[in-house]
Amino acid sequence: MLPLQPLVSVVILNWNGQQHLSNFLPSVKAHACAGMELVVADNASSDDSVGWLREHHPDVRIIQLEKNYGFAKGYNEALKQVQANYYVLLNSDVEVTAGWLEPMLKLLESDERIGACQPKIKMYHDKTSFEYAGAAGGWLDSLGYPFARGRIFDFCEQDLGQYDDTAEVFWASGAALLVRADLYHRLGGLDEFFFAHQEEIDFCWRLQLAGYKVMVCPASVVFHVGGGTLPKGNEWKVFLNFRNNLIMLAKNLPWYQVLWKIPFRFLLDAISAWKSLFEGQGIYFKAILEAHLGFMGWVVFRHRRSVFPISKKGKLRGWYRGCVVWDHFVRGRRYFSEIVRLKK
């Protein structure tokens, strides 16, 4: 236990997730620690989430938002009403384990330059394997493609203890993100224009540029279902992932890299889109086209409102100077340890 336990609020953002709350809220309550507050922020659910919570978990604090703000703005709005030293942004489809929170709190308490961290995230339905959304800590390649220790694109490794070291990473997963509350607000929170997907990577990028570290704490373990709100292959999900990734690059890269990396990404995205179309996945093709149009609309109308004031002097960790697309799809590298050792 920590000598002086800080105040930490575990905040679960819910939208029509009554079944997830029923399945996973008990584990969060069972493994609470001293100084922990449990909050469910409801994004104007149309199911019986709020009524069910009041009946079955009256001790859980409920914040009711007036409409579905999405992941980014939903958290921003909810956290305006939460006072704590630390926030945990926890997905409703996450099962936590005994002692999951204490090691992460201890890590942040040990170094004031650590701004955020995540636990080891494994599959709920296959508890021997890493889970897509974060695995054992997120990395980013030179063209903005996210991957993780234990997950390269759709390939998830088995957990054999190979990533059990506490390490600096580029991004921590929004499925279970512990962050200093003051930093969250000082850096503007999550970019609300993103709505959902990759907003946590954008936030962790800004966190690093401001001079703070992002860590993974494998002593903490959680299990994530994944895809609970937007299933894989959903047109809206594909659109958000491609559009938001381009916006993130334009916001955070130096201008001289933006000038060539964005056009090159457009080319790679187009290749992916046409390949999908020839394979009969017209929805995927359409979503990427709409994502490019959405990005250009952001450039014209919204970009100044999405750029937060930060020093941009921090050193980036978990940044892979190579191209993970080339390494994975052309060179056939499936494991994180195979890819990162190629180039440092």
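The values are calculated or read from the model by the stated rules, or taken from the named source; none is laboratory data. Predicted, not measured: the structure shown is a model, and the values here were computed from it. A quick note on method: Cβ atoms are made from the backbone with ideal geometry, for glycine too, and the neighbour counts reach across all protein chains shown.
Things to note:
- Condition check for His56: modelled with pLDDT of 95 or more, assigned by TED's automatic domain parsing to the domain that holds Gly174 and buried (at least 17 other Cβ atoms within 10 Å of the Cβ): no
- The set of residues in the range 87-117 being of a type outside the set (A, V, I, L, M, F, W, C) and either modelled with pLDDT under 95 or closer than 19 Å to Lys127 by Cα (or both) consists of Asn91, Ser92, Asp93, Glu95, Thr97, Gly99.
- Residue in the range 177-187 that is in a loop (DSSP other than H, G, I, E, B) and either outside the structural domain of Asp269 (by TED's automatic domain parsing) or in contact (Cβ under 8 Å) with a residue 24 or more places away in the chain (or both) present: yes
- Residue match in the range 99-111 (condition: more than 24 Å from Val169 (Cβ to Cβ) and either in a loop (DSSP other than H, G, I, E, B) or in the same structural domain as Gly138 (by TED's automatic domain parsing) (or both)): no
- Verdict on Asp164 being among the charged types (D, E, K, R) and within 30 Å of Ile262 (Cα to Cα): no
- Any hit, the range 131-143, residues being touching a residue at least 24 places away in the same chain (Cβ under 8 Å), in a strand (DSSP E or B) and over 17 Å from the mean Cα position of the chain (by Cα): no
- Odd one out for Phe71, checked against (1) assigned to a strand (DSSP E or B); (2) under 23 Å from Gly188 (Cα atoms); (3) of a type outside the set (Gly, Ala, Ser): (1)
- In the range 62-79, the residues that are of a type outside the set (A, V, I, L, M) and in contact with an Asp or Glu (Cβ under 7 Å, 6 or more places away or on another chain): Gln64, Tyr69, Phe71, Lys73, Asn76
- Spans of helices (runs of 4 or more DSSP H) in the range 195-294 with at least 2 residues under 22 Å from Trp326 (Cβ atoms) and among the β-branched types (Val, Ile, Thr): 255-278
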